[in-house]
1. Which one is nearest to His25 (Cα to Cα) among residues in region 52-67 that are open to solvent by 40 Å² or more (accessible area, probe 1.4 Å) and at pLDDT 95 or above?
2. For a quick check of your reading: which helices (runs of 4 or more DSSP H) sit entirely within region 49-168 and have at least 2 residues that are under 19 Å from the mean Cα position of the chain (by Cα)?
3. Tell me, please, whether a residue that is in contact with a helix residue (DSSP H, G or I) (Cβ under 6 Å, 6 or more places away or on another chain) and either of a type outside the set (D, E, K, R) or closer than 24 Å to Phe6 by Cα (or both) can be found in region 104-117.
4. List, please: which pairs have Cβ atoms under 9 Å, are six or more places apart or on different chains, and start with a residue in region 10-23 that is closer than 11 Å to Thr42 by Cα and open to solvent by less than 70 Å² (accessible area, probe 1.4 Å) and end with one that is among the hydrophobic types (A, V, I, L, M, F, W, C) and in a helix (DSSP H, G or I)?
5. Looking at region 169-200 only, could you name the residues that are assigned to a loop (DSSP other than H, G, I, E, B) and not aliphatic (A, V, I, L, M)?
6. Please verify whether Glu129 is open to solvent by less than 40 Å² (accessible area, probe 1.4 Å) and farther than 25 Å from Gln2 by Cβ, treating the condition exactly as stated.
7. From Asn152, Asn137, which residue is within 23 Å of Pro78 (Cα to Cα), modelled with pLDDT of 95 or more, open to solvent by 40 Å² or more (accessible area, probe 1.4 Å) and not basic (Lys, Arg)?
Amino acid sequence: MQITIFGATGSVGNYLIEQALAQGHSVVAVSRRPQQHTSQSTVKWQVVDYDSADSITAALANSDAAIISLGDYDVVAPTENIAAAMKRAQVQRVEILTGFGTSPESRKQLDFGMRAIMTGMKPMLRTKERQDKIIRNAGLDFTIVQPPTLTNEPSTHHYRYGDYRRKTITGNIARADLVEFMITNLTDHRFSRESVYIQN
C-alpha cells in the first residue's frame with residue numbers, strides 16, 4: 001500500500017513513517033517546506049501548499065490511503081482542502097488524528113462524569129470539532145483516531161482501543177503504540193466510518 005502522510009514532520013509524523021515502512025508500505029511524506037533527510041531513502045518527500053488543491057492532489061497521486069496528522073492549530077482549511085483533493089485523486093481511505101472526545105458523536109461513548117468534563121472543555125475543542133465534522137461529511141472512508149496525552153515512551157504493543165470502558169482524557173498513549181495501531185488499522189481496514197479511542 002502507498003500511504004500519503006500529511007503532517008510528516010510533526011510530533012507523530014516520523015513515528016508514522018517508520019511504522020509504515022516497518023509494515024512494508026511505501027510512503028509519501030508531506031511537509032510545508034523542503035526537507036533534507038539522509039535516512040529513509042525509500043520515502044518520497046513532497047512539499048505541499050495546503051491552500052492549493054492541485055498541490056495536494058499531486059501528493060496523493062498513486063496512493064491507496066492518506067493519514068492526516070496536522071497538530072492542533074491551523075488545521076481546518078488544510079483538512080477541507082485535503083478532503084477535496086482526495087476526492088479529485090480518487091483516494092477514499094483516510095485516517096485522521098484528532099484528540100480525545102473531539103466530536104459530539106464520540107462523546108456519546110463516554111460515561112457521565114467524563115462527558116461532563118469534556119463539555120466544560122468544549123471551547124478548547126472547537127477547531128478539532130470542525131476538523132472532525134469535515135472528515136465525517138466528506139464522503140470518504142474514514143477512521144478518526146482520538147488519543148488522550150501522547151508520550152515518547154517505548155512501544156508496549158499493549159493498548160486499549162475502540163469503545164472500551166473507563167475512557168479518560170487523563171490517560172496517555174505512547175506515540176509508538178499509537179502509530180502501530182493506526183498503520184495496522186489501515187492495513188486491516190477496521191473502524192470504517194467510525195471514531196476510535198485509544199490509550200495504554
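The values are calculated or read from the model by the stated rules, or taken from the named source; none is laboratory data. Given the structure is predicted, the values throughout are model-derived calculations rather than measurements. Every residue, glycine as well, gets a Cβ built from its backbone with ideal geometry; the counts of neighbours run over all protein chains shown. Just so you know, the surface numbers come from the protein's heavy atoms only, side chains and all, with ligands and any DNA or RNA stripped out. Shrake-Rupley method; radii C 1.70, N 1.55, O 1.52, S 1.80 Å.
1. Going through the qualifying residues, I end up with Asp64.
2. Qualifying helices (runs of 4 or more DSSP H): 53-59, 76-89, 104-107, 122-136.
3. So far as region 104-117 goes, no, none of its residues is in contact with a helix residue (DSSP H, G or I) (Cβ under 6 Å, 6 or more places away or on another chain) and either of a type outside the set (D, E, K, R) or closer than 24 Å to Phe6 by Cα (or both).
4. Every condition considered, the pairs that remain are Ile17/Val179.
5. Listed by number, the residues that qualify are Thr170, Gly171, His189, Arg190, Phe191, Ser192, Arg193, Asn200.
6. Judged against the criteria, Glu129 is a match.
7. Asn137
Residue by residue, here is whether (1) at pLDDT 95 or above; (2) open to solvent by less than 20 Å² (accessible area, probe 1.4 Å); (3) under 21 Å from Met182 (Cβ atoms) holds:
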| residue | (1), (2), (3) |
| --- | --- |
| Ser69 | yes, yes, yes |
| Ala89 | yes, no, yes |
| Ser106 | no, yes, yes |
| Gln109 | no, no, yes |
| Gly113 | no, no, no |
| Lys122 | no, no, no |
| Asp141 | yes, no, yes |
| Gln146 | yes, yes, yes |
